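Trainee: Before we start, here is the structure in question, set down as structure tokens.
The values are calculated or read from the model by the stated rules, or taken from the named source; none is laboratory data. Note that the structure is a prediction, hence the values are computed from the model and not measured. Positions of Cβ are generated from backbone atoms using ideal geometry, with glycine treated the same way; all protein chains shown enter the neighbour counts. Areas reflect the complete protein model, heavy atoms only, side chains present, ligands, DNA and RNA absent. Shrake-Rupley method; radii C 1.70, N 1.55, O 1.52, S 1.80 Å.
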Amino acid sequence: KQEVTQIPAALSVPEGENLVLNCSFTDSAIYNLQWFRQDPGKGLTSLLLIQSSQREQTSGRLNASLDKSSGRSTLYIAASQPGDSATYLCAVQSGGSYIPTFGRGTSLIVHP
Amino acid sequence: NAGVTQTPKFRVLKTGQSMTLLCAQDMNHEYMYWYRQDPGMGLRLIHYSVGEGTTAKGEVPDGYNVSRLKKQNFLLGLESAAPSQTSVYFCASSSSRNTLYEQYFGPGTRLTVT
């Protein structure tokens, strides 16, 4: 059974820092990995999706990498801003399954 | 293109009452999902559907029923609400075609059972 872990559970950083959020998974036979952002009281917004054949995806200040062999993905946020404050979740779609497995998320606070 | 929509946004029920949550998507996605999100528990899958007319149980199906009579709609029913069903409910959809199983979420329904 796939298990997804996100460490740290919470992170507080000053504005302007570059930061890395981690996502690890136990079964490397994945189809894709997706990063989401969730603002308080809101739904999940997709940030980046990495297919199993890819090593990374970039969108603006965000860069997500995937290392299937080690069961890890990282979300790099460059030059963090207070508007980046949110919970970030990763989800892994295993090969042959319709159901993604979600991590518990990392709650990020970027203070001015 | 509205994406995934959910109605209602908020609801308060008394124990034993019933209600139906509606999820609609306009992206022609095959797969649809109902999750609940509780503090400290993360997202948990209640039921899902891989196509019109099909449904399957997820991780926490007890106390819920679902139907998918039309491809674009996925209904979640609570026949006799209990306080333990107080939660935020999210619907999601995905497709194996162009979007490669990328999940799209609705805005959520906040349900309180007293």
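Trainee: Can you pull out the residues in segment A:1-21 that are part of a strand (DSSP E or B), polar (S, T, N, Q) and more than 15 Å from A:VAL92 (Cα to Cα)? Explain how you work it out, then say what you get.
Mentor: The first filter runs over segment A:1-21 and keeps only residues part of a strand (DSSP E or B), leaving A:4-7, A:10-14, A:19-21.
Adding the requirement that they be polar (S, T, N, Q) leaves A:5-6, A:12.
Across segment A:1-21, the qualifying residue is only A:SER12.
Trainee: Here's a follow-up. If you go through segment A:1-17, how many residues are under 16 Å from A:SER65 (Cα atoms) and in contact with a Phe, Trp or Tyr (Cβ under 7 Å, 6 or more places away or on another chain)? Working first, answer last.
Mentor: Let us first name the residues in segment A:1-17 that are under 16 Å from A:SER65 (Cα atoms), namely A:4-7.
This time we only want the ones that are in contact with a Phe, Trp or Tyr (Cβ under 7 Å, 6 or more places away or on another chain), so: A:4.
Summing the residues that are under 16 Å from A:SER65 (Cα atoms) and in contact with a Phe, Trp or Tyr (Cβ under 7 Å, 6 or more places away or on another chain) in segment A:1-17 gives 1.
Trainee: For segment B:51-59, check the following and say yes or no: at least one residue is more than 13 Å from chain A (Cβ to nearest Cβ), surrounded by fewer than 14 Cβ atoms within 10 Å (Cβ to Cβ), basic (Lys, Arg) and under 30 Å from A:SER52 (Cβ atoms).
Mentor: No, segment B:51-59 contains no residue that is more than 13 Å from chain A (Cβ to nearest Cβ), surrounded by fewer than 14 Cβ atoms within 10 Å (Cβ to Cβ), basic (Lys, Arg) and under 30 Å from A:SER52 (Cβ atoms).
Trainee: Is it the case that some residue within segment A:31-38 is touching a Gly at 6+ places or on another chain (Cβ under 9 Å), closer than 23 Å to A:VAL110 by Cβ and either assigned to a loop (DSSP other than H, G, I, E, B) or in contact (Cβ under 8 Å) with a residue 12 or more places away in the chain (or both)?
Mentor: The initial filter retains those residues of segment A:31-38 that are touching a Gly at 6+ places or on another chain (Cβ under 9 Å), namely A:31, A:36, A:38.
Of the ones still in play, those that are also closer than 23 Å to A:VAL110 by Cβ are A:36, A:38.
Within this subset, residues satisfying the condition of being either assigned to a loop (DSSP other than H, G, I, E, B) or in contact (Cβ under 8 Å) with a residue 12 or more places away in the chain (or both) are A:36, A:38.
There is at least one residue in segment A:31-38 that is touching a Gly at 6+ places or on another chain (Cβ under 9 Å), closer than 23 Å to A:VAL110 by Cβ and either assigned to a loop (DSSP other than H, G, I, E, B) or in contact (Cβ under 8 Å) with a residue 12 or more places away in the chain (or both).
Trainee: Of (1) under 20 Å from A:ILE99 (Cβ atoms); (2) of a type outside the set (Ser, Thr, Tyr); (3) out of contact with any Ser or Thr (no Cβ under 7 Å at 6 or more places or on another chain); (4) part of a loop (DSSP other than H, G, I, E, B), B:HIS29 satisfies all except one. Which?
Mentor: (3)
Trainee: Follow-up question, since we're still on this one. Is it fair to say A:SER70 is open to solvent by 80 Å² or more (accessible area, probe 1.4 Å) and more than 23 Å from B:LEU43 (Cβ to Cβ)?
Mentor: Working: open to solvent by 80 Å² or more (accessible area, probe 1.4 Å): no; more than 23 Å from B:LEU43 (Cβ to Cβ): yes.
It is false that A:SER70 is open to solvent by 80 Å² or more (accessible area, probe 1.4 Å) and more than 23 Å from B:LEU43 (Cβ to Cβ).
Trainee: What pairs can you find where one residue is in segment B:6-24 and touching a residue at least 24 places away in the same chain (Cβ under 8 Å), the other is open to solvent by less than 80 Å² (accessible area, probe 1.4 Å) and of a type in the set (Asp, Glu), and their Cβ atoms are less than 7 Å apart, with a gap of 6+ or different chains?
Mentor: none
Trainee: May I pose another question? Which numbered condition in (1) open to solvent by less than 20 Å² (accessible area, probe 1.4 Å); (2) closer than 24 Å to A:ARG37 by Cβ; (3) away from chain A (no Cβ under 14 Å) is the only one that B:ASP26 fails?
Mentor: All conditions are met except number (1).
Trainee: Output the residues belonging to segment A:12-36 that are modelled with pLDDT of 95 or more and buried (at least 21 other Cβ atoms within 10 Å of the Cβ).
Mentor: Across segment A:12-36, the qualifying residues are A:LEU21, A:CYS23, A:PHE25, A:LEU33, A:GLN34, A:TRP35, A:PHE36.
Residues are listed down the side, and each one gets a yes or a no for (1) away from every other protein chain (no Cβ under 14 Å); (2) farther than 23 Å from B:GLU59 by Cβ; (3) in contact with a helix residue (DSSP H, G or I) (Cβ under 6 Å, 6 or more places away or on another chain); (4) free of Cβ contacts under 8 Å to residues at least 12 places away in the same chain:
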position	(1), (2), (3), (4)
A:LEU11	yes, yes, no, no
A:LEU19	yes, yes, no, no
A:SER24	yes, no, no, no
A:THR58	yes, yes, no, yes
A:ALA64	no, yes, no, no
A:SER69	yes, yes, no, no
A:LEU75	yes, yes, no, no
A:ALA79	yes, yes, no, no
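Trainee: Same structure, new question: With the requirement that a residue be under 21 Å from B:THR114 (Cα atoms) and open to solvent by 20 Å² or more (accessible area, probe 1.4 Å), what does segment B:1-21 give you?
Mentor: Applying the first criterion (under 21 Å from B:THR114 (Cα atoms)) to segment B:1-21 yields B:7-21.
Listed by number, the residues that qualify are B:THR7, B:PRO8, B:LYS9, B:PHE10, B:ARG11, B:VAL12, B:LYS14, B:THR15, B:GLY16, B:GLN17, B:SER18, B:THR20.
Trainee: Can you pull out every residue in segment A:39-49 that is open to solvent by 50 Å² or more (accessible area, probe 1.4 Å) and either in a strand (DSSP E or B) or closer than 11 Å to A:LEU62 by Cβ (or both)?
Mentor: A:THR45
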